[in-house]
Each structure stands twice: as structure tokens, then as C-alpha cells.
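Please read the structure below before turning to the comments.
The values are calculated or read from the model by the stated rules, or taken from the named source; none is laboratory data. Since this is a predicted model, take the numbers as computed values, not measurements. Methodologically, a virtual Cβ is constructed for each residue, glycine included, from the backbone with ideal geometry; neighbour enumeration extends over all protein chains shown. In case anyone asks, the SASA skips ligands and DNA or RNA and just uses the protein heavy atoms, side chains included. Shrake-Rupley method; radii C 1.70, N 1.55, O 1.52, S 1.80 Å.
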Amino acid sequence: MKPTYDFSWMCCLVIDDSHSVSNYLAAILRNSLNLKEVYVAYNVNDALAIIDSHSPIHTVLCDLNMDQVDGLEMIRLLREKGFKGYFGIISSMASKVINSAEQLTKAHNINLLGSIAKPVSEESLIKLLSGVGEKTKQTSSTTKVGSLKIYELIRGIEKHQFEVFYQPKIDSLSRQVVGVEALTRLNHPRQGLIFPDRFIDAMEKTTLINDLTKYVLNNVVKDWLEFNKNGYQLNIAVNISPGELSNLDLPDYICNLLSDNHIPTHLLTLEITESALDINSPEALEVLNRLSMRGVKLSIDDFGTGHSSLERLRVYPFDELKIDKSFMLNSSKSDNDRSIVESSVLLAKRLGLKVVFEGVESSDLYQMTGNLGGDIIQGYYMSKPMHKNDLLTWLKKWKAMNS
Ligand code: C2E
Ligand code: CA
Ligand code: CA
């Protein structure tokens with residue numbers, strides 16, 4: 001009979017101080033369930049070293065009762081590491097102990113798969129691991145209906161099914177194209193082109209978002225070289241999820257990628273959504289300051305939707321402020337929204353930031369942007385996000401119309 005599960009993409013770490021139990025579990029995971037990688041640790045220190053050197057680990061299966069450092073402490077250490085994968089408890093303890101360990105896992109904001117009792121059966125393991133895609137749907141209040149399964153997203157990366165589309169950013173006075181924003185779509189083998197609202201949230205809940213960012217950056221670099229060959233030195237903006245700013249290796253990764261391809265750093269902009277950016281994160285401060293010092297441009301995205309916006313502008317080295325499209329879309333009808341746009345523009349100018357109006361989707365808005373004082377405009381009225389080949393055609397047409 002054909003199995004109804006597919007774990008061939010999954011990397012799992014088993015932690016149990018009993019060698020026979022961990023080796024037995026690893027054998028089932030490798031040989032019967034066909035996981036991609038199975039690592040074994042007999043203590044918490046080894047487990048942490050494996051997580052550091054073999055990312056991404058999608059699932060950790062952990063015994064509760066171990067000598068020295070126990071499973072409860074492992075949960076806390078995972079939280080401190082910012083572990084984004086799934087956690088399953090394997091234990092022979094009484095159910096009330098297991099219950100409270102489950103509560104603790106949730107309290108630490110770690111994706112809990114559930115628990116299974118020893119001795120572990122193949123069926124119980126299948127049931128537990130099958131929760132991985134499902135849980136993303138259930139635990140996320142913001143994940144949109146119709147989010148994709150984790151394995152579809154992993155397959156998307158491995159089989160290069162993600163595609164980067166580009167939407168022009170235009171100087172509001174000269175009407176010249178100053179750059180493009182890279183917006184990612186998934187070309188699903190059965191469902192066709194899928195938009196980010198069905199995959200970004202789910203990917204942000206795991207380390208997959210880091211893989212997506214690297215994938216997008218590598219594609220952007222390739223496309224930049226092609227645009228450059230065609231005579232366009234564009235600034236390309238890439239969206240970065242705020243969670244990725246805790247990765248202290250990100251600046252080196254980005255700057256090496258650019259310098260290996262002889263692309264000046266000022267031609268990359270990173271757009272970071274305002275509302276999720278933590279003001280008190282020393283890592284984010286270090287990462288953004290280092291990128292800024294090396295010349296990469298930083299843009300605060302969806303400005304106006306978060307709280308204490310002003311504080312973020314004071315703390316982080318931004319170059320550009322994108323006013324959220326919801327304010328733009330309403331600014332012709334609502335005085336309040338128009339006031340928010342106008343005062344954001346004033347504030348940005350005082351702080352020396354460029355202002356981008358996104359969501360310019362009608363000719364009315366296009367005309368209005370002139371009076372509102374933004375530097376750059378972006379929206380459906382000029383162009384929807386396009387495939388790179390269509391962008392080259394569009395750029396030629398736009399140049400002919402506006403010169
Ligand atoms: P965003 O960064 O705010 O991007 C702007 C969104 O508004 C895009 O939606 C774009 O297609 C849409 N848009 C552009 N012009 C107009 C307009 O005139 N009217 C209206 N109503 N909408 C317009 P899209 O491509 O669906 O992307 C949605 C969000 O997904 C993006 O919002 C961004 O936050 C996220 N995203 C997209 N690609 C990536 C990625 O590679 N990595 C990460 N981390 N996030 C991404
Ligand atoms: Ca953006
Ligand atoms: Ca935006």
C-alpha cells in the first residue's frame with residue numbers, strides 16, 4: 001500500500017540519553033518513514049551543537065527525563081536559540097508531567113507537535129510527525145485560509161518553483177524608474193501562481209523564511225546582472241522578515257553575494273515591515289547598522305500600521321519610508337488618512353528619509369501624489385509586479401513615453 005505521508009523533506013533531531021531508545025527511534029525514522037536526515041543526541045549539549053551546525057532542523061523529538069540537563073531545560077534553550085521548528089515529547093513519565101511539559105512548550109512559543117508514550121510505535125510517530133504541516137495552519141492566527149503545506153514550500157525551494165516578480169519604483173517628479181521591488185510568487189505545479197499571502201506567514205514560523213530570503217537574493221543578483229547588461233542600473237528592493245534580523249551572519253552573506261557579483265551595495269534596498277520590528281532587539285540593531293555602514297539601503301515598509309513608529313525611526317538607520325498603501329488608497333476620500341500621509345511626509349523629510357507612496361493604483365492618485373510631496377511612487381497604475389522578461393519590455397516602453 002502507498003503511504004499517505006511524505007517525510008522525505010524533513011530533518012529531525014532525536015534527543016534521548018538512552019542509546020537504545022534513540023537508536024531505535026532513529027532507525028524507524030530513517031528506514032521506515034524515510035526522513036531526509038535524522039540526527040541523534042544523547043544529551044542536551046550535543047543536541048544544541050547539532051542544531052547550530054545542521055540548520056534547518058524541522059523537528060526535535062525529545063525525552064523529558066534525562067540525566068544532567070533534562071527535557072524541560074531543552075525547551076527553554078530552544079526558545080533562547082529562537083528555534084522555529086516543531087517539538088515533540090517522547091516520554092514514559094506520568095501524563096500530568098507530560099501535560100505540564102506541553103504547557104511549558106506553548107508558553108515558550110515553540111510549535112508543539114504533541115507527545116507520545118514509550119515504547120514508541122511506528123504508527124504513533126507517523127501521527128505525531130503528520131502534525132507538522134497542519135500545526136502551522138492551526139497555531140497561526142494570521143495565516144491566511146489556504147496556506148500551503150510545509151512540504152509544498154520546501155519542495156518549492158528545492159525545485160526552484162519560487163519566482164521573483166518586479167514592480168517599478170518611479171521618481172515622482174522626473175517620472176524616471178529609480179528601482180524595482182522584488183515580490184515573490186510560487187509557481188505551484190498544480191495550483192499555478194500563488195501569492196505571498198499564502199506562504200510568507202507559514203515560512204516565517206519556521207527557518208524556511210531564511211532559505212526563501214537567500215533564494216530571492218540569489219535570483220535578484222542574477223536578474224540584476226541581466227538588467228545591467230541591457231543598460232539598466234536599477235536599485236532592487238528585497239523584503240526581509242523582521243525575524244531574520246536576529247541572524248548576525250546576514251550582513252556578511254548579503255555583502256559577499258553583492259561583491260562576488262560586482263554589484264554596488266547602494267543598489268540593494270532591504271524593506272522591513274514596520275509593525276513587526278522590535279525596538280529593543282540588540283541583534284536587529286547590530287545587523288541593520290552593519291548593513292547600513294556597508295552601504296545597503298534600508299526602507300521601513302507599511303509605515304503607519306505599527307505602534308510607536310517614531311521610536312523605530314529614531315533607533316534604526318533607515319534611508320526610506322514607505323507609507324502603507326491603505327493610507328494612500330483612502331487619502332482621496334478620508335481627510336484623516338490624507339493627514340497621516342501629509343504628516344508622515346513632513347516627518348520623513350525632517351529626518352532626511354526618502355518617501356515612497358505605494359498603492360498608486362488610479363489616475364486620481366497618480367495626479368495627487370504630485371501635491372503630497374513623496375519622492376517615489378509605486379503602484380498598479382504604472383505597473384503590476386512583472387516577470388523579469390516583461391520588466392525589460394516595460395522599461396523600454398516607459399522610457400519612450402517619458403523622455
Ligand atoms: P509589501 O512589501 O507591502 O508589497 C506591496 C504589495 O502591494 C505587493 O503585494 C504588491 O503586489 C501590492 N501592490 C502593488 N501596487 C499596488 C496597488 O497599486 N494597489 C494595491 N492594492 N496593491 C498593490 P504582494 O506581491 O502580494 O506581496 C504581499 C506581501 O508579501 C508584501 O507586501 C511583502 O510584505 C510580502 N512579500 C512578498 N515577497 C516577499 C519575500 O520575498 N520575502 C518576504 N519576507 N516577504 C515578501
Ligand atoms: Ca515591501
Ligand atoms: Ca507595503
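Looking across segment 299-343, the residues that are β-branched (Val, Ile, Thr) and either within 12 Å of ligand 1 (Cβ to nearest atom) or outside the structural domain of Ala284 (by TED's automatic domain parsing) (or both) come down to Ile300, Thr305, Ile323.
None of Leu186, Leu153 is surrounded by 21 or more Cβ atoms within 10 Å (Cβ to Cβ), without any contact (Cβ under 8 Å) to a residue 40 or more places away in the chain and within 19 Å of the chain's Cα centre (by Cα) except Leu186. Taking segment 20-138 as the region of interest, the helices (runs of 4 or more DSSP H) fully inside it that hold 2 or more residues being out of contact with any strand residue (DSSP E or B) (no Cβ under 7 Å at 6 or more places or on another chain) and hydroxyl-bearing (Ser, Thr, Tyr) are 95-107. The set of residues in segment 79-108 that are within 18 Å of Leu48 (Cα to Cα) and at pLDDT below 90 comprises Arg79, Glu80, Lys81, Gly82, Phe83, Lys84, Gly85, Thr105, His108.
Of all residues in segment 232-272, those satisfying the criterion of being farther than 26 Å from Lys205 by Cβ, touching a residue at least 40 places away in the same chain (Cβ under 8 Å) and more than 16 Å from ligand 1 (Cβ to nearest atom) are Tyr232, Leu234, Cys255, Asn261, Ile263, Leu267.
Being more than 16 Å from ligand 1 (Cβ to nearest atom) and at pLDDT 85 or above: is that true of Gly352 here? Answer is yes for this residue. Restricting the first member to segment 293-308 and to residues that are under 14 Å from Leu347 (Cβ atoms) and hydroxyl-bearing (Ser, Thr, Tyr), and the second to residues that are modelled with pLDDT under 85 and open to solvent by 10 Å² or more (accessible area, probe 1.4 Å), the beta-carbon pairs closer than 7 Å and six or more apart or on different chains are Ser308/Ile279.
When we screen Ser241, Ser275 for residues that are within 16 Å of ligand 3 (Cβ to nearest atom), at pLDDT below 95, touching a strand residue (DSSP E or B) at 6+ places or on another chain (Cβ under 7 Å) and open to solvent by 10 Å² or more (accessible area, probe 1.4 Å), the only hit is Ser275. Flag: Leu193 matches the condition of being more than 16 Å from ligand 2 (Cβ to nearest atom) and open to solvent by 60 Å² or more (accessible area, probe 1.4 Å).
So which residues in segment 325-357 are open to solvent by 20 Å² or more (accessible area, probe 1.4 Å) and not in a helix (DSSP H, G or I), if there are any at all? Residues satisfying the conditions are Ser332, Lys333, Ser334, Leu351, Gly352, Lys354.
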